[in-house]
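Laboratory data are not the source of any read-out in this text; all were calculated from the coordinates shown. Being a predicted model, the structure only gives us computed values, none of them experimental. Reconstructed Cβ throughout: ideal geometry from the backbone, glycine too, with neighbour counts over all protein chains shown.
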Amino acid sequence: MSISYAPAGKSGKWDGVMDWFQMLSGASLILFMWCHMLLVSSVVISPGVMNSIAEFFESTGLAQVGGPLIFLVFLVHFVLAARKIPFRFDGQKTVVQHAKMLNHGDTWMWVIQAVSAMIILIMGSIHMWVVLTDLPITAAKSAARIQGGFWAAFYLVLLPLAEIHVGIGFYRIAVKWGFIKDRERGKFKRGENVLTLMFITIGFITLIRFMFLAIN
Ligand code: HEM
């Protein structure tokens with residue numbers, strides 16, 4: 001469910017264009033998050049593998065240019081999605097009332113998506129700022145951060161929120177843009193839940209690996 005604030009009769013074309021950009025920015029961020037988790041979790045294989053991947057991204061300028069670019073896509077995606085999120089209390093109350101009335105899983109998924117977005121916006125921005133202003137990325141530096149305690153707790157909140165947001169986002173893109181048929185929704189949703197749980201588990205194992213990594 002979404003709420004459009006565009007004046008009646010004027011929404012048409014631009015709203016559709018912005019919906020496309022919202023979908024494209026969301027899809028890029030989903031791809032980024034899958035790659036990001038695979039890269040960070042390479043520390044589980046060995047810190048050397050993670051360092052080599054990070055070195056590759058820095059020597060090719062991908063970290064210096066790609067990092068801020070992802071930050072930009074992240075902010076643009078939020079601004080586009082925020083068109084449909086009610087920021088006033090009475091609007092929020094109406095959304096919850098409607099969700100209760102409709103009592104449909106997909107409507108509640110939209111509510112979770114909107115609430116998690118607010119927290120991810122703040123925590124994701126802090127995280128990207130901290131990592132990108134402290135290049136190069138090394139397994140030892142990441143481990144030192146996480147062993148400090150604060151960042152371990154921080155990631156324990158951000159990890160499930162980001163992965164759930166990504167999972168719901170993937171499902172919603174597939175439904176809204178017609179990639180899956182109505183009768184396939186249940187199967188797709190179950191597959192998506194398994195994928196989300198898998199990423200949360202990989203992230204959790206990665207955090208444990210960082211926690212016990214010897215820092216020279
Ligand atoms: C320019 C973009 C990004 C870079 C370069 C980056 C880099 C990193 C690095 C190096 C770590 C390891 C921990 C550390 O060093 O503190 C990490 C962990 C993490 N990042 Fe990012 N990140 C980026 C964007 C994001 C975004 C957009 C999100 C989600 C909104 C995110 C969520 C996380 C989470 C949840 C962890 C903990 C992973 C785990 O459980 O092992 N990151 N990131």
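Over the stretch 86-172, what is the relative contact order in whole percent, taking alpha-carbon pairs under 8 Å and six or more residues apart?
So the answer I get is 37 percent.
What percent do you get for the relative contact order of the chain when only Cα pairs under 8 Å and 6+ apart count?
30
Could you point to the residue in Ile122, Trp20, Gly149 farthest towards the positive end of the chain's charge dipole, with +1 and -1 charges on the Cβ of Lys/Arg and Asp/Glu respectively?
Most positive-ward Cα: Trp20.
What does the charge dipole of the stretch 14-211 about its Cα centre add up to, to the nearest 20 debye, if the Cβ of each Lys and Arg holds +1 and the Cβ of each Asp and Glu holds -1?
Roughly 600 debye for the stretch 14-211.
Put one equal scatterer on each alpha carbon of the chain, apply the Debye formula with no solvent term, and list log10 I(q)/I(0) at q = 0.09, 0.14 1/Å to two decimals.
Results for the chain at q = 0.09, 0.14 Å⁻¹ read -0.42, -0.95.
How about the stretch 49-109: which chymotrypsin sites (Phe, Trp or Tyr not before Pro) there lie in a loop by DSSP and see at most 14 other Cβ atoms within 10 Å?
Phe87
Could you tell me which trypsin sites (Lys or Arg not before Pro) in the stretch 138-192 are loop residues by DSSP with no more than 16 other beta carbons within 10 angstrom of their beta carbon?
Of the trypsin sites (Lys or Arg not before Pro), the ones in loops of the stretch 138-192 whose Cβ has at most 16 other Cβ atoms within 10 Å are Lys181.
List the aspartates and glutamates whose Cα sits under 12 Å from the Cα of Lys176, skipping any in the same chain fewer than 8 residues away.
Excluding near neighbours in sequence, the set is Asp19, Asp106.
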